[in-house]
Amino acid sequence: MLIKFVIKRLILLIPVLLGITIMLFALSRAMPGDPARMMLNPDMRPELMEAALQSMRERLGLDQPIVVQYFRWLYNYFVLGDFGHSSLFNRPVNDVIGEPLRNTIILNATINVIYLIIALPIGIKMAVKRGSLFDNSWQVFSLAAFSVPAFFLGLSLIFIFSINLGWFPIGGMPNRALLQGTEYTLQWVRTLVLPATTLIIISLAGAIRYTRNAMIDALSQDYIRTARSKGLSEKVVIYSHAFRNALIPISTIIVGVVFSLFAGAAVTEMVFGYNGIGRMIVAAVQGRDRNLIISMQLFFSMVSVTAMLVADIVYGLIDPRIKLK
Amino acid sequence: MSDNNSTGKKVGKSFLSMFKRLFVRDKIEKNILEEEAMRTPMKAVMHRFIRNKMAIIGFSLFVAIFLFSFVGSLLNPLDRALDLTNTNIRPSRNFLRYPRELADLNIVKIISGVSFSAALTDDGNIHVWGAEPNREMEGISQFMLQVPEEIQEAHIVDIAAGTRFILAVDDEGNFYGWGHVAHGQAEITSDMRRMMSINRTEKIVQVLAGTTWAAVLGDNGFLYLWGSIQATSTFVIPTAAQGRIVYVAAGHHNMILLLDDGTVMPMGDRGTEFFLNVPPELQDGSVRIVEVAVTNRNVLARDDTGQLHLWGSVIDGLNSFPEDMVPDNVVDIASAYNNFVAVKDTGEVFVWGSNTLGQLNLPRNINQAGVTQVFADAFQFYAVNADGDIVETWGNRGYIFGSDQWGRDIFTRIMHGGRVSLTVGIIGVIIATLIAIIIGLSSGYFGGWLDHALMRLADIFDAIPFLPLAITLSFVLGDNLNEAERMYFIMIVLGVLSWTGLARLIRAQLLLEREKDFVLAAKALGIKQRSIMTKHILPHVFNFVIVSVTLQYASFILTEAALSFLGFGIQEPTPSWGNMLDGAQDSIVLRYFWWRWIIPALFVVAAALSINMIGDALRDAMDPKAEER
């Protein structure tokens, strides 16, 4: 049953993947500048330039029909795993992406663990003590955190904790050449604190709201009344009956957040000079590096397509009602 | 009818009384039937909305920000002229607020820099007021407003202000300087000391200061100048004048030397009207000049009969007298950065030149105040009477939100930026909503393959993350756009990339409502499909649209700010709250010029917060189940 469900989902993905790749291919062709000319030495003598351009176009396959170009492009990316040459770093894109990707994964892992530990208990308590001071103050917090741009929060944290108190570095990454062993690790932790705090506060706003509403929905169900009338303790009612059911909608939002942080962290990474993939794409656009831009876009899209798929499957796994449909 | 009854009917009146409800809780209860009879669903929503305190706070805040941005930007035109004199000045309105103790003292001279003024009193003391000009780097400069201790003990005879520093000389010939003196203006160089001993200059009678240079005039008519290389190469002191100079008036890159025979000699930028158009009678000795004042391009001179002579550039109308002024019987002249002032023997005061910072806004009663002398410098003006007391002040009072890296007033830029940010946001929302309504409705209404296709389209748009795509699009398509086109482009990008959520919501709601019992009942009554749609189903969907529009508006304001902050949004010189913040990526701005990022960001937060509050309240008001929550 589950396998059938997954296969159905995968089939639905095909038009989406096609659409994304066509859009990105169009985007890469619409970018200003001639890719063949960019590969050549601009100081070349004009009479040689024409011939060189011609052969470069042939080498890049730019002389072929656009449909052929598209499939060649697909073949390069998905079969060969060759993302082209980054003009900004003057290295293959595959080599450039590695370190930022690792850094972003480290940042995201930290955030997700911490914010779930915080958000779930708060959301549950808010739902249970609906209308209390606790509930209201976290509601206000969530409203405020929704209204603060990530970069302002980040800048304020830098202003207070890095500039005025000097507890954390203002920005940038720990240098492996200068620091060793535990010192390097310690510097890593110090580098992570402020960007992680920023992202946790921003993502917390949505998460506690969502948990609260899911819990309230669960708590207003008939089976909760039944459980209470059976004389079960409130603890058992909340955690065993209500929370388990609330987990179904919560789990999907968690998957969504985990993946959306990859792309959504661009601003935060910029503010803190954190060498992640969000900052990388901003650098790629500023440096007009077409291959890097498209590769990053493709990467982000694949991540979110995977997220959509995982969310669907998780939903199917947790909620038996969906599997049966 | 009770009070409450009319509230239900007149929405306008209810908004007036909603403020009252913020503080007073009215407890008039009605029976259910009465309430039922008077309320339509829309009125009920309205009623619930205005009873929500959060809604009223949010609504008032938003109206305040809206009026501030839209009405404020109409009243205060955006100054596009760049002036690099007043850059990065901290928020203050104290520029003209002189200390009280000056009333008991006799003022000899008042000088001003970009944000501060200093008075020299006849007891040889200096009093400084205004705002601290920025410290561009730690350690480079001292606090301006704090007069150094050794000066407090000395008997000062002359002072001068550069844009961000003060120079002073005492009766023993000691020289002092403090503030932003990175070009060595604070000390007389050893070269100059040597020159002074060669020329046998024993006492200093006048001090002069520019942006990057300092100069002193000796008692035997010799002028000495030092400072930045640019300044020292601009000013070549003519040897013919040395030893004959009695007074000097200086702009930032030019000077007029007043010689002992009453003639004048220009110095500095050659080839300008300032240099070339000196009236011949002022140089051949037929007119005897007693006082000169200069701006950066113009000269005003007063002769011994009280007649005025004027020449220089036409910019700011400085080369002609005001229409209502007859240039004779003048007792005092003065010059500010781009203005001239003249005081007549009747006590009438005339000021002309640029009016960017209120330099021409003379106090109303100034002509009756017995003014005998006006001290003008930079952008500040102080009128003094015969007793040596300040009677009136005008000019630049300060920037309430500070100034930016181009010397522009952040307060007016916030207004104009607010207009841009709020407009871009709302148009973006309208575009997104229209797309969402068309796609959501056709998907939900027609169903079948169209539904499938449109939902897959939504999947595609959802799969490509917003921010990376928006900045890529801004690079691909926005590269050749001008300022205004770029603004429309951002609206379209925001709209076209963000319709999916609402479209899905509309479709789902449509499908949900279609299955409801009241639709079945309507069908059974034989009502046409179309009127079931428009009269029974769409109003329910409409509620969701309203809430979504509001919440999305807030998020668009944040998104525009983020895009502009990264440099991919609205471009300078058009202000938006986002691009006013982009300097904050510089750690010096972050550290020292806090007003340049905190203030615009606070406006973004206030706008988003107020709209979110309205949106939340609307959702609660429209969802009857919300009261259970």
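Coordinate-derived values only; no laboratory data. Given the structure is predicted, the values throughout are model-derived calculations rather than measurements. Quick reminder, even Gly has a Cβ in these numbers, built from the backbone with ideal geometry, and neighbours come from all protein chains shown.
Some observations on this one:
- Across peptide B:453-460, the mean count of Cβ atoms from other chains lying within 10 Å of each residue's own Cβ comes to 4.
- Chain B: DSSP helices with Cα axial extent of at least 24 Å and average Kyte-Doolittle hydropathy no lower than -0.5: B:53-75, B:410-446, B:538-566, B:595-622
- Net dipole in debye of the protein assembly as shown [+1 Lys, Arg Cβ; -1 Asp, Glu Cβ; about Cα centre; nearest 20]: 7140 debye
- Ranking B:Pro600, B:Ala584, B:Ile611 by Cα position along the charge dipole of region B:558-629, where only Lys, Arg, Asp and Glu carry charges on their C-beta atoms, puts B:Ala584 farthest toward the positive end.
- Taking the centroid of alpha carbons for each part, region B:280-299 and region A:78-136 are 71 Å apart.
- If the segment from A:Ile248 to A:Val79 were pulled out straight at 0.36 nm per residue, it would be longer than the present Cα-Cα gap by 57.2 nm.
- Counts of other chain beta carbons within 10 angstrom of each beta carbon in peptide B:469-482 average 4.
- Exposure proxy ranking for B:His180, B:His155, B:His540, based on other Cβ atoms within 10 angstrom of each Cβ and starting from the fewest, stands as B:His155, B:His540, B:His180.
- Entry note, chain B: the mean residue ellipticity at 222 nm calculated from DSSP H runs of n ≥ 4, each adding -39500 (n - 2.57), is -12500 deg cm²/dmol after division by the residues and rounding to the nearest 500.
- Cα gyration tensor, chain A - rounded (a/c under 1.5), prolate or oblate: oblate
- By average C-beta atoms within 10 angstrom, highest first, the peptides A:226-233, B:605-612: B:605-612, A:226-233
- Structural descriptor for chain B: relative contact order 13 percent, calculated from alpha carbon pairs under 8 angstrom and at least 6 residues apart.
- MRE, 222 nm, helices only [DSSP H, n ≥ 4, -39500 (n - 2.57), over chain A, to nearest 500]: -24500 deg cm²/dmol
- 13 Å beta-carbon shell around A:Asn103, net charge (K/R +1, D/E -1): +1
- At least 15 Å along the helix axis (C-alpha) and Kyte average at least -0.5, DSSP helices within chain A: A:2-30, A:46-60, A:93-128, A:133-147, A:181-219, A:243-264, A:290-318
- Separation of alpha-carbon centers, region A:203-276 and region A:181-199, rounded to whole Å: 27 Å
- Chain A, relative contact order [Cα under 8 Å, separation at least 6], %: 26 percent
- Compared with the rule-of-thumb size 2.2 N^0.38 Å for a compact globular protein, the protein assembly as shown has a Cα radius of gyration ratio of 1.20.
- Average other protein chain Cβ within 10 Å of Cβ, residues A:149-162: 5
- Per-residue Cβ neighbour rank within 10 angstrom, fewest leading, B:Phe379, B:Phe542: B:Phe542, B:Phe379
- Farthest towards the positive end of the charge dipole of region A:127-250, among the residues A:Asn213, A:Val128, A:His241, is the Cα of A:His241, using unit charges on the Cβ of Lys, Arg, Asp and Glu.
- Contact order relative to length of region A:182-252, as percent, for alpha carbon pairs under 8 angstrom and 6 or more apart: 34 percent
- When A:Trp188, B:Trp597, A:Trp138 are sorted by how many other C-beta atoms sit within 10 angstrom of their C-beta, beginning with the fewest, the order is A:Trp188, A:Trp138, B:Trp597.
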